[in-house]
Each structure stands twice: as structure tokens, then as C-alpha cells.
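Let me begin by presenting the structure, written as C-alpha cells, before commenting on it.
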Ligand SMILES: [Zn+2]
């Protein structure tokens, strides 16, 4: 990748071909409300009488998807998500739930002292007591310390993202020692600004040190990507196929 080229220019699935990574993969981090087809968004909006800015699929793309060459930030990313969330939130709630095997939490990551956070702690405690698995977003927008808080306050078994542990050697050592799994989403990390484009991506260090981590897409409907695009990006960092396989073994 040339230094002038933004990573997401190189890998957005709609615009660029990727290699076939011919080995089993696992996707652990994909938001239900960030992975819908636009045709489904239109269909559900009509069904639920939710007004959309347009019902033309190509025009709708500019409202809720990131273009490959569009500068991105967490604010813009969340703005693009709004429409997906508005259309699907109620629909998901109305769907029958036959069994819950795990829970996750996403949002502001450094607010553990806020009263608003206490119900979440209780919910995670309940989940732990009932054998429901737990993951939590931390170390993405938040500090390295937010990863430790997710483990201690929420009993998180896995961490969504976790990149910022690379900024604190003590936290890094603990996560490495505990083999806490990090659900890394390389393209998303650039598009939300969790990782700056000019810095070396923490995944390279994670892979070298054998931090327990895997690759996922996060919100492929917003970013117009597939899991192969994330593998392609990490391969472009210089990781061999053998190194990529470490993240799924
Ligand atoms: Zn996420």
C-alpha cells in the first residue's frame, strides 16, 4: 500500500477485488444493526411505515454507507448507522427470542463511575450468574484502562476491539498473560478513528506477540465490506498467511 493511499480506499469490497484466503475463518464481531442490505432497509421501512430520505437504493447508499474515498470519523460513522438503527431497532425487539447465549455492550467506554452505567453492570452480573457469555466494547474509543474495567466490572470474557491496550505496557502484559480474546475489526478501526491512519496498526504487534485476537467486520452494511476485505488489509500490513491463520486457531 502506498503511503498516500488510505487503507479503506484499498479494500472496500464494492470497489476492489480481494484475494481468496482459503482457510477457515471466524467472525465474532458483527453488529446486527450494521449489516443489513439496503434493499432490506427499504423493505422494512415501508412495512413499518418509517420514512426514509429516499427509496432509491443508490441514493440511499449516501445516507447510510461510507464511500470508499470518504474521510471518516466516529461521529460520521454513527450518523450513517442512525438510519439502520431507526429502521431495525423496533423490528429486532419484536422478534421472538428463543435463547440468549451472549451479550455485548457498545458506547462510551470510560464512564464506569456514572450512575447510568450501574444497570449495565447489574445486567452483566446477571448474565454471568446464568451462564450467558459476555463481551464488551473497550479500548476502541476508550483508554487501555477501559479494557481492564470491562473485565473487572462486567466480567467480560472477550473484548470488542481493544486496540488501545498497546498504549499501556502494564495493561498489555495483563491481557497477553490472561489470553483475553480481542475481537479486532481493522477496517472499522480506521473508519471510526480508533486507530490513526499513520500509526502502525496494533494488530501487527498483537500478532507478533501472540495476543489472542481474531478479525471481524464490525458493520459491513455501513462500510460496504466483507470479512475478506479485513483479511486483505491485514495481509497488506505484511502478515503472512501463516500469521493470519494464528488469528483463527
Ligand atoms: Zn462493534
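For the chain, modelled as a GNM whose springs connect Cα atoms under 10 angstrom apart, the maximal fluctuation among 99, 142, 221 occurs at 99.
So for the chain, what percent of the C-alpha to C-alpha distances run longer than 27 Å? Above the 27 Å cut-off, the chain has 38 percent of its Cα pairs.
The ranking of 236, 170 by Cβ neighbour count inside 10 Å, starting from the fewest, reads 170, 236. Springs between alpha-carbon pairs under 10 angstrom, Gaussian network model over the chain: which of 234, 26, 211 fluctuates most? Ranking 234, 26, 211 by mean-square fluctuation puts 26 first. Considering only 59, 67, 33, the mean-square fluctuation computed in a Gaussian network model of the chain, springs between alpha carbons under 10 angstrom, is largest for 59.
Listing 65, 35 from fewest to most neighbouring C-beta atoms within 10 Å gives 35, 65. Here the residues 197, 42, ranked from fewest to most Cβ neighbours within 10 Å of their Cβ, fall in the order 197, 42.
Would you mind getting me the FRET efficiency between residue 125 and residue 197? Use the beta-carbon distance for r and R0 = 45 Å, nearest 0.05.
0.70
Read-outs: derived from the displayed coordinates by stated rules, not from any lab. Nothing here was measured: the structure is a model prediction, and the numbers come from that model. Heads up, the Cβs are rebuilt from the backbone with ideal geometry, glycines too, and the neighbour counts pull from every protein chain shown.
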